[in-house]
Every structure is written in structure tokens, then in C-alpha cells.
Amino acid sequence: MFLALRELAFARGRFALMGSVVALIAILMVLLSGLSVGLVNDGVSGLKKLPVSAFSFQEGTSTDGAFSRSAVDVTVAETWRGRPGVEDASPFGNTLVNAESDRGVDIDLALFGVEPDSWLAPRATNGERLGGHGDILLGQTAEDAGVRVGDTVVVDQLGTPLKVAGFLDGQHTFGHVDVAYLDLRTWQEIHAGVRQGETALPHTYEQATAIALRAAPGADLDLTAGDQAAGTRSLTLTESFGASPGYSAETSTLDLIQVFLYAISALVVGAFFTVVTIQRKHEIAVLRAMGADTARLLRDSLAQSLILLLAASAVGVGLGVAAGAAISGTPMPFALDFASIGAATAGLVLLGLLGAGVAVLRITRVDPLTALGGSR
């Protein structure tokens, strides 16, 4: 450690340049992590807050668009209620609409149709519970957009009025639009395209998007056997995230960017330490000639790399968190998740050490005779 610390103090400019590059990579890593978490929350936070273990969709429905393509008979819920390990099952409706409030606020809504007295119906933290025909509950983000309790939201083209009964705590979004919980019967009319004042056909009330399943405490759902009995295709709650619009494409793109960022960090750190190792060749040869073994020299160089990586990453993460905190108040879907940031920082340091380790392996090939003039 003596040599590593002395060299860090002596070549401050060189190591400051290296640290600046690592810090910039750390800032970008924090921002990408926050953007990834923010996009996930904006895409499926409404689903994540449902007390659901799995969804059963129409048999043969593509998993990447199940919420927009599936249609199941509401009576399928009875079949699922009789399956082992299923505590309850309830019809669930999902559709996207454009609407406008009587205050002139344009708002896109993901309508979640649930039975008002079922276990799926959420409790409002501001306002009244989900009631009868035409009542809706919205998330906090809709309230931030200017919608208030008691407002009437009219669905475009159909003219269906929906009264805002209350708001839910936190973010409730699906496919990057606000979730609106409403009674299943009203959802079925909107989904079928029944206009205001028209009479719905009887079969309108026979279908839902999916059957929401809740597993009994400690029970494992046999979805395969249940699907065979009910004629459905089931996905766990986590698997159903992929059925949200754009979810798979967004997450896979950001994951790929992060993978390349980690690879770049390893290459950059490795390249820097390769140059440093070449410049230290004669000093290392002197130490070898004085009796220092390879393991000690490797530990010394890796310790130097670790000090640099930890210090630069700490600075970069601090700046990234500060920038992220400023971004969080904007419409950009961004959320700081310190568990994700911690894991990404650990990955950055480990991959940086890997790159540095590959570079300092040159030490093992330094000939001690070089220090004694053997190369002349």
C-alpha cells in the first residue's frame, strides 16, 4: 500500500483525469438507473399495487398484448375459485381511453374495471370509496395534473360521464397513463362502445379482460392445471408486466444500454491502468530486483485501483443523485431507487477492478534484470 499511496499523491493530475472519467460513468449510471426505475413505475405501478397473484387471460392470447387483446367470460371466475390454492378470483377489466374533465383538463386514463365490493377494489385515501355506476378513483398523479374530487370526467367519443369519487395514495399508472378504478359494469359498457343514453346489449356484461387470482396464504398456484380446466392462459403478476404497452421494449433497451455502460467502464479503467503499468515498468523492475514477489505487487496495484474507483464512484454517485433529485420534480419518468443505485455502483467498481486486474497482469512479466541494465 505504501507505493500505491505515494504514487496517488505524486501523480495527482494523472489520477484525477482517470477519476473524472470514472465519476462521469457513475453519473450516467445513476441517471440510467433512475430512468429505468421511473419507466417501470410509470408503466406498471398500477399493476404492482394490485393484491393479485396472477391473471388468467383468453386462451391463445399473445403475452405481449394480453391486456388489450384478451376477452374472457366472467363466469370463468367461478371455475378458478374452485381450484386448489386459489383464495379468490374476480373479473378484471382493462382499457385505455381519452377523457376531459369539466375543468378542461385533458387526461388519458387506463380504466381498471373491478366489482366495487370485491377484494380488488382499492380504498381511497382522499374522498369516498368506490361506489356505484360511473364513480372512479384516481391516483395522486391525476390530482397533481389538476383533477379534483367531485369533478366529472367525460370519455371522448362515447360521452360517458365519470364522477371522481376520490384519490389513491401514490402513483397508479399503466402504460404511462393514469389508472382510473371504476365498477365493472360501467367498464363493460365503455369497452363495448355503448354511448351515453344508449341501451347496452345483454352480452355486454358477460365479458372482462381477465380473471384476477389471489392465492391462499402459503399456497402455490398450479396455473397450468387451472388453465386446462378453465380454458385460459395465466401469467403471474410479474409476468403480466410484459403485457403493458411498451414495457418489454423499454426495459430491454435500457438494460442493454446499462450492459454496454458496464463494459465501457471496464475497458476504460483497464486502458488507463495499462498505460500506468507501462509507465511504471522500470520502478516495478527495481522492486522485483529488491525481492518483492508478484503477489505483493499485484495487491499493491489493485489496491491503488480500488482506492481510485471507490473515491471516483462516490463523487459520481453523489453528483448523479443530486441531478436525479432535480429531475424527479419534472414530468420525466424518473425515480431514485437506492437499492438499484447501490447494486449498479458495486457492479461498476467490480468491473473496473476486473479491467484493472487484466492490465496489471503485465507486472508478472517484468524482468528484474531490466532494473540492473540487463536490457542495454
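Each reported figure results from applying straightforward, stated rules to the coordinates on display, with no laboratory input. Since this is a predicted model, take the numbers as computed values, not measurements. With ideal geometry, Cβ positions are generated from the backbone for all residues, glycine too; neighbour counts draw on all protein chains shown.
Some points to look at:
- Mean separation of Cα pairs under 8 Å and 6 or more residues apart, divided by the residue count, gives the chain a relative contact order of 28 percent.
- Residue 306/residue 96 FRET efficiency (R0 56 Å; Cβ-Cβ; nearest 0.05): 0.65
- Counting only the Cα atoms, the stretch 232-295 fills a convex hull of 110 Å³ per residue.
- Net +/- balance of residues flanking residue 121 in space, Cβ distance below 11 Å, scoring K and R +1, D and E -1: -2
- For the stretch 24-183: rounded, prolate or oblate by the Cα gyration tensor [a/c cutoff 1.5]: oblate
- Spin-label model, residue 225/residue 63: points 7 Å from Cα along the beta carbon direction are separated by 2.2 nm.
- Calculated FRET efficiency for the pair residue 71/residue 236, C-beta based, R₀ 25 Å, to 0.05: 0.75
- Beta bridge orientation in the stretch 67-194: antiparallel %, DSSP, nearest 5: 70 percent
- Taking label positions 7 Å along the Cα-Cβ direction at both residue 249 and residue 154, the computed distance is 3.3 nm, reported to one decimal.
- q = 0.14, 0.15 Å⁻¹: log10 I(q)/I(0) that the Debye formula gives for the chain, counting C-alpha atoms only: -1.09, -1.20
- Distance from the stretch 238-290 to the stretch 96-159 (C-alpha centre basis), Å: 46 Å
- Kyte-Doolittle at least -0.5, axis length at least 27 Å by Cα - qualifying DSSP helices, the chain: 12-48, 247-279, 294-327, 338-360
- Subtracting the Cα-Cα distance of residue 17 and residue 256 from their residue separation scaled by 0.36 nm leaves 83.3 nm.
- Cα gyration tensor category, rounded, prolate or oblate, for the stretch 204-249 with a/c compared to 1.5: oblate
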